[in-house]
Amino acid sequence: MAGLAAQDLTHALVATALDPEFYRRAYPDVDAAGADPLTHYVGGGWREGRDPAPWFSSASYLEDHPDVAASGRNPLAHFLQFGAQEGRLVRPSALAHRRTAGLLAQRSGWSYSPAQAAPPATPPSEDPAAVLPGDAAYDLVAGAFDSRFYLGENPDVAESGVDPITHFLQSGWREGRDPAPWFSVADYQELNPDVAASGMHPFVHYLQAGRQEGRTPRLELGFRYRIIAALQPPEARVEAAERHDVHAQPGDAQDLAALMGLSRSGLADLHLTFSHDDYLTNLGGVQLCLQREAAAAAATGRDHLHLYPANPRPMLRRPGQTELLGVVWNGTPAGVFSPSILADGLEAVLAGAEAGRRSLAIHSLLGHSVSDVLAIARAAGLTQGWFWIHDFASACASYHLLRNDVADCGAPPVGSAACGVCIYGPQRQFHLDEHERLFRALNLSVAAPSQVALDTWRKGAGLPAVKTVVAPLARLVAHEPVEGSPSAVDRPFRVAFPGLPSPLKGWPVFRDLVLRFAEDPRYEFLHLARDPAAGLPLSFHPVTVTQDDPKAMQTALETLEVDAVMVWSLCRETFSFTTHEAAAAGAAILTGPDSGNVAAFVASTGLGEVIADEATLFAQFETGEITRLARARRAPALADLAFSRLTIDLLDGEPA
């Protein structure tokens, strides 16, 4: 919408979200005058406190955000252009009692908290859609309502202590809350506009008539459909990230010189690393790798300078787009500096130092400018180094090689039809060109955590590396057979999801598995992670893996006697610590064929099963076939994990 006049931009934005039917019904004078709802609202309706859709109150938005009110900007246009990305509060219209504010906000992909909802304008007793205890319809709903699901999905209702059925019937359905995993209020109203227009309670309608008429209670399009529906191109994600940038005061040349003075080696032995974020404050596989590499640098007497973008980005920065770089010096946060200060300062302080073991390792370039990286490396006198394949950002802006974030693409030829239908396609050539420029300027060797990762990188990027090596991040050692205990034979089959509940890692598949089999006495479901995910009938166990406690997940899986873990990654994992932790703990790994090194590991070791697809996975749980992987039946071998020191191992000649 670049180049539009302000009024035209407002009109175009509002047109994407205004509900004409709601506007006409809410304001009969507009309908009687034959006015166009969009023109009326943009032309002045919002100034009169009129609401454009059930989920949005114009007056409340201006009241909650006085800066918007002072600007004189149309409130809905402001929210659509800026407020949604800024996480601004939105309240539903007080006139929205016949439509579901939460439903429409959810359908549009915007953030909406039911707790923000205003009470219906019509009291429940006067509402034609109201269903009260004692009504025949109430009893009908009670027989099909899943209270545990409802309370799990809606912890605010659980905390309030109100009867969940009454809550759903009187207000929950208007907020887009579902009564059972097999019924969607949003889907049913979208598929049946006659029901939505009638104002009748959708779940009551389905139970009384819809199911006999063969109406669909829920669209079974799967979580991938929901991901695609909410897709944003990389450029939009960058713009969204920019709105949350932190503007810190950068250090100057004197600050940098003072910092470099706190040296372990007199600056003779300097190890320079780059990654996408601060490995001291963020959790993840790459961060753990850097923690281990930093510990090894310290143990071998090296100075370690780590640089990361102060404001992360999901892509490389283009030439000329410079950014302040965060600094970690010898394991201690040291503020932010401009790339030019870092380059000039390094060149100055290193010029007077004896050159010893100086090295470079690039773990990720996301958020970096290749020009800045090259300038800093050259200032440090470094012309060669190691480039790690933790992901595939060197092959595409989709660094997981997921077409539209849902399907493995395998890195097809640039410009192919497969790239043409992907939101990352337009940015792929840029990522390839910038990494090519990096590899042409420096003599880089490539280290891949697995053969699968290296093969994929060669196909997708094929950059001019000096050499390539496979350097696993951890190894299983010291296997010891362990007999299954008799008590384990009688208990349920324990299935765990280890780690962040991310769609990328297959959490939606695990969630559906839990919802389908939670009542099945054959199974017990667990989630092991730092933070719980509300709304599921499972047991949560807090686990955080750090450099100080590297075997936390392994120990938890072993202690809980987990039979199998779900590592249902959608993308080609380059290594997967979780897989190795589970194997060391004696748990079988359940994975799909697109999971990269997870599938390769399972196929080569037999420590689990590569299952063809999600339908086959669910079928094995339905029949109970999956229980053949119980500990009592397998008598698994426990193992220890030996972690690599990453680049330090490669520099010091340790076996890869």
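To the nearest 0.05, how large is the calculated FRET efficiency for Thr322 and Ala407 if R₀ is 30 Å and r is the Cβ-Cβ distance?
So, using R0 = 30 Å, E works out to roughly 0.30.
Over what distance in Å are the Cα centres of segment 180-246 and segment 308-375 separated?
One Cα centre to the other: 45 Å.
Arrange the peptides 240-247, 390-397, 31-38 so that the one whose residues have, on average, the most other Cβ atoms within 10 Å appears first.
Averaged packing, sorted descending, gives the order 390-397, 31-38, 240-247.
Counting DSSP beta bridges with both partners in the chain, what percentage is antiparallel, nearest 5?
Of those bridges, close to 30 percent are antiparallel.
Give me the lysines in straight-line cross-link reach of Lys459: C-alpha distance below 17 Å, same-chain residues under 8 apart excluded.
Once the sequence-local lysines are set aside, what remains near Lys459 is Lys467.
Send over the Kirkwood Rh of the chain, from the inverse of the averaged 1/r over different Cα pairs, rounded to one decimal Å.
For the chain, inverting the mean 1/r across all distinct Cα pairs yields 28.1 Å.
Please arrange Ser569, Ser275, Ser71, Ser263 by how many other C-beta atoms lie within 10 Å of their C-beta, fewest to most.
Neighbour counts put them in this order, fewest first: Ser71, Ser263, Ser569, Ser275.
Give the aspartates and glutamates whose C-alpha is closer than 15 Å to that of Lys505, dropping any in the same chain fewer than 8 places away, or say none.
By straight Cα distance, Lys505 reaches Asp391, Asp405, Asp408, Glu573, Asp594, Asp613, Glu614.
Quick one: check the C-alpha center-to-center distance for segment 500-544 versus segment 70-85, whole angstrom.
Here the answer is 38 Å between Cα centres.
Mean separation of Cα pairs under 8 Å and 6+ residues apart, divided by the residue count of the chain: what relative contact order is that in percent? Each step should come with its number before you reach the end.
On the way: 1133 pairs, mean separation 59.8, N = 656.
RCO, the chain: 9 percent.
Once R0 is set to 30 Å, what does the formula 1/(1 + (r/R0)^6) return for the Cβ-Cβ distance between Asp512 and Ala418, expressed as a FRET efficiency to the nearest 0.05?
Working: r = 28 Å, r/R0 = 0.93.
For R0 = 30 Å, the calculated efficiency reads 0.60.
Quick check: the angle from helix 614-623's long axis to the longest principal axis of the chain, C-alpha only, nearest 10 degrees?
Between the helix axis and the principal axis of the chain, the angle is about 70 degrees.
Neighbour counts of other C-beta atoms within 10 Å: give me Thr623, Thr605, Thr579 arranged from fewest to most.
Thr623, Thr605, Thr579
Starting with the highest mean, order 13-24, 179-190 by the number of other Cβ atoms within 10 Å, averaged over the residues of each peptide.
Peptide ranking by packing, descending: 179-190, 13-24.
Work out the charge dipole of segment 495-588 with +1 on the Cβ of Lys and Arg and -1 on the Cβ of Asp and Glu about the Cα centre, then indicate which of Thr555, Cys571, Leu536 is farthest towards its positive end.
Result: Cys571.
Mean separation of Cα pairs under 8 Å and 6+ residues apart, divided by the residue count of segment 506-656: what relative contact order is that in percent?
Computed value for segment 506-656: 17 percent relative contact order.
What do you get for the angle between helix 451-460 and the principal long axis of the chain? Use alpha-carbon atoms, 0 to 90 degrees, nearest ten.
It is inclined by approximately 80 degrees.
Output the 0 to 90 degree angle, nearest 10, between the alpha-carbon long axis of helix 370-379 and the longest principal axis computed from the alpha carbons of the chain.
30
Computed from the coordinates by the stated procedures, all read-outs in this text should not be read as laboratory data. Keep in mind that what you see is a predicted model, and the values were worked out from it rather than measured. Cβ coordinates were reconstructed from backbone atoms using ideal geometry, including for glycine residues, and neighbour counts include every protein chain displayed.
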